[in-house]
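Structure record follows, encoded as structure tokens.
Rule-based calculations on the coordinates, nothing more; no lab input. Remember, predicted model here, so these are calculated numbers, not experimental data. Quick reminder, even Gly has a Cβ in these numbers, built from the backbone with ideal geometry, and neighbours come from all protein chains shown.
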Amino acid sequence: MPTLRSLLDERVQEADPRLYEKLDNGRVRCFSCGHCCPIPEGQPGVCKVRYNRGGTLFVPWGYVAGTQCDPIEKKPFFHAYPGALAYSFGMLGCDLHCAYCQNWVTSQALRDPTALSPPLETSPESLVRDALDQGAKVLVSTYNEPLITSEWAVAVFKEARGTRRAHRTYSRQHPPHSQHGHVA
Ligand code: SF4
């Protein structure tokens, strides 16, 4: 039976070149969140889902850990489209490991062997179609820390833009300065 690590290794693509740099000795530095990890060849960053393979940074792609359509006030966004439905999606892993995390089974899936949650294959097009079918006005990247899956969220939000849906990231921390333009 394949391990979660091997399942996730098949669901990646190269990082946005604006979100990492190549260092000496085959290392790379990721700028997707405030950790700014220098990552040696063959190793993941603190989040466990962005990793260095052959001097290239690979990042999560093509799956979700879960989706849910809720009233936007539950996110909680206050006075943003009051009464609208918000469609949430999230992936696996996190750059934080808070003991009180309510999404432990997905956020710590690669850190804690008892936190098991399989990836559900999907595409930006299917997520947006599902959100529209459920009547959502807003799409939200959430559940784990959205900054660690920035490329995926941007792809989903770009797909949603054509449908005139709003989009939000529900992040708990500050991106490094270099990422501000990417997630805005
Ligand atoms: S997203 Fe992951 S690899 Fe990138 S800086 Fe943050 S913890 Fe490190």
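Once the Cα atoms of the stretch 4-60 are picked out, what are the Rg and Dmax in Å?
So, for the stretch 4-60, Rg and Dmax equal 10.2, 30 Å respectively.
Taking H as built 1.01 Å from N, whose amide H comes closer than 5 Å to the amide H of Cys36, not counting residues under 5 places away?
The list, which skips near neighbours in sequence, is empty: none.
Convert each backbone phi in the stretch 55-61 into a coupling constant with the Karplus relation 6.51 cos²θ - 1.76 cosθ + 1.60 (shift: θ = phi - 60°), then list the ³J(HN,Hα) values in order as whole Hz, x for Gly and Pro.
For the stretch 55-61, the Karplus curve yields x, 10, 8, 10, 9, x, 7 Hz.
Counting only residues 5 or more places away or on other chains, whose amide H sits under 5 Å from the amide H of Arg53 once H atoms are built in the peptide plane?
Gly42, Phe58
What residues qualify as long-range amide H neighbours of Tyr63, i.e. H under 5 Å apart, gap of 5 or more or another chain, H built at 1.01 Å from N?
It is Thr122, by chain and number.
Principal axis extents for the chain, Cα atoms only, whole Å, descending order, please.
Computed over the Cα atoms, the extents are 52, 38, 30 Å.
Out of every Cα pair in the stretch 63-170, what percent are spaced more than 19 Å from each other? Let's see the in-between values first.
Details: 2437 of 5778 pairs.
Beyond 19 Å sits 42 percent of the P(r) for the stretch 63-170.
Taking 30 Å as R0, compute the FRET efficiency from the Cβ-Cβ separation of Lys74 and Thr3 and round it to 0.05.
Details: r = 34 Å, r/R0 = 1.12.
Efficiency, rounded to the nearest 0.05: 0.35.
When a footprinting reagent is the concern and you count Cβ atoms within 10 Å, what order do Phe31, Phe78 take, fewest first? Display every interim value, and only then the final one.
On the way: Phe31 23, Phe78 8.
Ascending number of Cβ neighbours within 10 Å: Phe78, Phe31.
For the stretch 4-60, what does the relative contact order come out to in percent, with C-alpha contacts under 8 Å and a separation of six or more? Intermediate values should be presented prior to the final figure.
Numbers: 96 pairs, mean separation 18.3, N = 57.
After rounding, I find 32 percent.
Provide the gained length on full extension for the span Leu85 to Glu121, in nm with one decimal, where the gain is 0.36 nm per separating residue minus the Cα-Cα distance. Walk me through the numbers before you get to the answer.
Working: separation 36, 0.36 × 36 = 12.96 nm, distance 2.34 nm.
Gain on stretching Leu85 to Glu121: 10.6 nm.
Using Cα-Cα distances under 8 Å and only pairs 6 or more residues apart, what relative contact order does the chain have, in percent? Intermediate values should be presented prior to the final figure.
On the way: 347 pairs, mean separation 39.4, N = 184.
With pairs under 8 Å counted, the relative contact order is 21 percent.
Once fully extended, how much extra length lies between Thr56 and Cys101, figured as 0.36 nm per residue of separation less the alpha-carbon to alpha-carbon distance? Present the calculation step by step, with values, prior to reporting the outcome.
Working: separation 45, 0.36 × 45 = 16.20 nm, distance 3.08 nm.
Computed gain between Thr56 and Cys101 is 13.1 nm.
Could you give me the ³J(HN,Hα) list for the stretch 87-98, computed from phi with Karplus coefficients 6.51, -1.76, 1.60 and θ = phi - 60°, whole Hz, x at Gly and Pro?
9, 9, 9, x, 10, 9, x, 6, 8, 10, 9, 6
In deg cm²/dmol and to the nearest 500, what is the mean residue ellipticity at 222 nm of the chain if only DSSP H runs of at least 4 residues count, each as -39500 (n - 2.57), divided by the residue total? Walk me through the numbers on the way to the answer.
Numbers: 5 runs with 36 residues, N = 184.
Helices in the chain give a 222 nm mean residue ellipticity of -5000 deg cm²/dmol.
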